[in-house]
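Novice: Quick one: the structure is below, and I'll ask about it shortly.
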Amino acid sequence: METGLSDRAAMTARAPDQRKQEPKRPPLSGSAGKNPVANDGLNGSGKFIVRIAGGMEADYRAGLHLAREAHQHTLFRDIPFSEDKARAIFERATARPDRNGLIYAVPGMDAPLVEDGLLGLAAVQAGEYFLGEGTLIATVQTLNISRKLSGTLLGGKVALRLVQAVRHWAKARNCEHLLVHVTNGENAEEADRFFRRCGMVINGGNYIYCL
């Protein structure tokens, strides 16, 4: 599975050293109105939230907009974008939240989510090792930050909160491991530094041969 950390803004935040005890955060909610809030100076409100995507069409359209934008900045941009596959990811996340997570960073708790209003998103899936059973492994499918946050401190904070939210999601489902594969083809060194500072370690690498 692929993960595209598609924006340099994701690298501007200095992730805390995970050897230190991580502060406890409230759990993610499945609805827009009951989620943890981070005070990060957005549009004068001083707040953005990280929440599970709901089943509303507005949530789907916002996620589709950001996914399409991110696709244009990956190694695979020449492959036609599939709205049908994007819709399937959204529907799996809403139908099987125990195994599929779609996590949004949105501006403010009460602000309506417009199509281009999503600050960032992460998609994660829990499943068994392909040759084993009884143990769940969480795999991040994509982690993207809006291009409009490029080079901003807010973009880095959104990226960090999404990583923390994905980790919380995996722990809540008793996953033994969390895998992140950075395969978008951009900013590999910066992505490596960012994820290392989030407490992750290298477990191999991604290689490509263009035919």
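None of the figures in this text is laboratory data; all of them are computed from the coordinates on show. Keep in mind it's a predicted model, so treat the numbers as computed, not measured. Please note: Cβ atoms are built from the backbone with ideal geometry, for glycine as well, and neighbour counts cover all protein chains shown.
Novice: Sort the following peptides by mean Cβ neighbour count (other Cβ atoms within 10 Å, averaged over residues), highest first: 153-162, 189-198. Please report the intermediate quantities before stating the final value.
Specialist: Values: 153-162: 23.5, 189-198: 16.5.
Taking the mean over residues of other Cβ atoms within 10 Å, the ranking is 153-162, 189-198.
Novice: Using the beta-carbon distance between Asp98 and Leu75 and R0 = 22 Å, what value does 1/(1 + (r/R0)^6) give for FRET efficiency, to the nearest 0.05? Could the numbers behind the result be given before it?
Specialist: Values: r = 32 Å, r/R0 = 1.44.
After rounding to 0.05, the efficiency reads 0.10.
Novice: Please work out how much length the chain gains when fully extended from Phe130 to Asn203, using 0.36 nm per residue of separation minus the C-alpha to C-alpha distance, in nm with one decimal. The partial results should precede the final answer.
Specialist: Details: separation 73, 0.36 × 73 = 26.28 nm, distance 1.70 nm.
My answer for the length gained is 24.6 nm.
Novice: May I pose another question? In Å and on Cα atoms, what radius of gyration and Dmax does segment 128-211 show?
Specialist: Both quantities, over Cα of segment 128-211: 14.5, 43 Å.
Novice: Hey, fewest Cβ within 10 Å first, where do Tyr129, Tyr104 land in order? Intermediate values should be presented prior to the final figure.
Specialist: Values: Tyr129 12, Tyr104 25.
Ascending number of Cβ neighbours within 10 Å: Tyr129, Tyr104.
Novice: When a footprinting reagent is the concern and you count Cβ atoms within 10 Å, what order do Ile208, Ile49, Ile145 take, fewest first?
Specialist: On the way: Ile208 9, Ile49 24, Ile145 31.
Result, fewest neighbours first: Ile208, Ile49, Ile145.
Novice: Report, by chain and number, residues whose modeled amide H sits under 5 Å from the one on Leu136, excluding near sequence neighbours (fewer than 5 apart, same chain).
Specialist: Here the answer is Glu176, since their amide H atoms fall under 5 Å of that of Leu136.
Novice: Still on this structure: Take every Cα-Cα pair in segment 76-184 and report what % of them are more than 22 Å apart.
Specialist: Numbers: 2225 of 5886 pairs.
Every Cα pair in segment 76-184 considered, those over 22 Å come to 38 percent.
Novice: Between Lys85 and Asp192, with labels modelled 7 Å along Cα→Cβ, what's the label distance in nm to one decimal, could you check?
Specialist: Placing both labels 7 Å beyond Cα along the Cβ direction yields 2.7 nm.
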